[in-house]
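Dumping the structure here so I can ask a few things about it.
Throughout, read-outs are computed from the coordinates displayed, never taken from laboratory work. Values in this document were obtained by computation on a predicted structure and should not be read as measured data. Because the Cβ atoms are built from the backbone with ideal geometry, glycine has one as well, and the counts that use them run over all protein chains shown.
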Amino acid sequence: MSAANAAPGQGPRAISIDIRSVNKRYPAAANSAGVVALDDVSLDVKSGEVVVIIGPSGSGKSTLLRTINALEKIDSGTIVVNGDVVTDKATNLPVLRSKVGMVFQHFNLFAHKTAIENVVLPQVAVKGRPRAEAEENARRFLGKVGMLERANNYPSQLSGGQQQRVAIARALALNPQVMLFDEATSALDPETVGGVLDLMCELASEGMTMVVVTHEMHFAREVADRVVFMDAGAIVEIGSPAQVFRNAQNERTRKFLSLVG
Ligand code: ADP
């Protein structure tokens, strides 16, 4: 690793997520040739880094994120997260996914379980934690996301923003090494978006390694260490927010940014 990778005043940071030459094609439907969703994508994310992925709809952002915790299989290439080879058939996927927390657009909470049960159950099932410890932990993380008072509510009794906070607490309670956010605020009412973005910002400032797919350009500008622009399954441009937003090298990046403002 070169000195250029070093954070100011620190030694070089270790690579947390190493994505090498990843290709993925979705199989052809009856009369189509299939879709190249990822076209020779390589990206490394350093420990504690926040990488924000932007790009037009259908450019492969979500597919790339989902390959990192093996929700999508890839056709070729390798992905390694903190030493675990995600793309190795022998990798224990539930254990991997507890280390690589993911927050989805549509929360995916258990509808028939309370907020606290949603945070407790994965800890018991995946980490094998005793219930009392899992409950204590759940209360701690629900407190962190500002949802302790609603611990006994069911998802249907919570706003979208509140459900998303519970989903974030659920992921954090497994002590992930990395957090992936897939358009985590896209399905929220406008008045609850800010609170979830603030929470993501707080996680970033605490040093969590994060890969974030978002349409929130303000978040990308303010919070990202690096911004990745994807188009047609490929990484077209990558750089600091200042480089990408103010001095994009590629015409496709400039065109996209002019549309999203
Ligand atoms: P983005 O997140 O940038 O909107 P996606 O990763 O969702 O892009 O999609 C990339 C491409 O792969 C698009 O052309 C999309 O239509 C296609 N695609 C995504 N998921 C599937 C799927 N399950 N089956 C077939 N094609 C898919």
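Provide Rg over Rh for the chain; use the alpha carbon set for both Rg and the Kirkwood Rh (inverse mean inverse pair distance).
Rounded to two decimals, Rg/Rh equals 0.97.
Could you tell me which chymotrypsin sites (Phe, Trp or Tyr not before Pro) in region 37-130 are loop residues by DSSP with no more than 16 other beta carbons within 10 angstrom of their beta carbon?
PHE110
Looking at region 154-261, what % of its DSSP beta bridges pair antiparallel, to the nearest 5?
50 percent
VAL35 to GLU251: FRET efficiency via 1/(1 + (r/R0)^6), r the Cβ-Cβ distance, R0 35 Å, to the nearest 0.05?
0.90
For region 106-153, just the Cα set please: Rg and Dmax, both in angstrom.
10.2, 29
Which angle between 0 and 90 degrees, to the nearest 10, do you get for helix 115-127 versus the longest principal axis of the chain when only C-alpha atoms count?
The helix 115-127 is inclined about 70 degrees to the chain.
Compute the distribution of all C-alpha to C-alpha distances in region 20-118, in bins of 10 Å from 0, and list the percent of pairs in each, rounded to whole numbers.
Using 10 Å bins, I get a P(r) of 13, 40, 33, 14, 1 for region 20-118.
Any chance you could check the Cα centroid distance between region 59-101 and region 181-203 for me, in angstrom?
Value for the Cα centre distance between the two parts: 24 Å.
Can you tell me the dipole magnitude for the chain around its Cα centre, using point charges on the Cβ only (Lys, Arg +1; Asp, Glu -1), in Debye to the nearest 20?
It works out to roughly 380 debye.
Then there is this: Calculate, for ALA132 and ASN175, the FRET efficiency according to 1/(1 + (r/R0)^6) with r their C-beta to C-beta distance and R0 30 Å; round to the nearest 0.05.
So the FRET efficiency works out to roughly 0.95.
Let me ask something else about it. Give me the base-10 log of I(q)/I(0) for region 147-261 at each q in 0.13, 0.22 Å⁻¹, Debye formula, one uniform scatterer per Cα, rounded to two decimals.
-0.58, -1.27
Further question: Which FRET efficiency value, to the nearest 0.05, do you get for SER258 and CYS201 by plugging their Cβ-Cβ distance into 1/(1 + (r/R0)^6) with R0 = 22 Å?
Efficiency, from the Cβ-Cβ distance: 0.25.
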